[in-house]
């Protein structure tokens, strides 16, 4: 289970099987891929995790990364980028009663430089990026510089950020 959690917190970017093979090769200090765990075994182990385990472990990882200087700062502020992207899940027969919808938005607060996620969540494609950000504002403080792309400009958001004392930089065009 510790290896499963460590793998999930690394921010998987490739196919599950490739990530598994690379991860276990690194654990054994080997340069070539090492097939020790199948994607199916990974999925079964992941299904046994509590839904609160990953966010709690991610918070632990962020706290330790910050304490040991792995989260870079700019003028004393931690950089936090907010963004959302559409994700498309494959459609196939499933034994899961409530399988994911084919299209969803994934929203994240990302720490550039540290390459870590402060927070992430899935949303309906009908939800608004600004609302997703609003729901995550409690993860931010006056020690952060929130970086926003051109999907965020509106009248109320700067007012809310200023009221909460959260510095921000917003692209308007």
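By how many nm would the segment from residue 159 to residue 127 lengthen if fully extended, with 0.36 nm per residue of separation less the alpha-carbon distance?
9.4 nm
Going by C-beta contacts inside 10 Å, put 52, 18 in order with the fewest on the left.
Going from least to most buried by this count: 52, 18.
Distance between the pseudo-spin-label points of residue 117 and residue 30 (7 Å out from Cα toward the beta carbon): 2.9 nm.
Distance between the 7 Å Cα→Cβ label points at residue 56 and residue 171: 3.8 nm.
Here, each number is a calculation from the coordinates, and none is a lab measurement. Note that the structure is predicted; figures quoted are calculated from it, not measured. Here the Cβ is made from the backbone with ideal geometry for all residues, glycine too, and neighbour counts use every protein chain on show.
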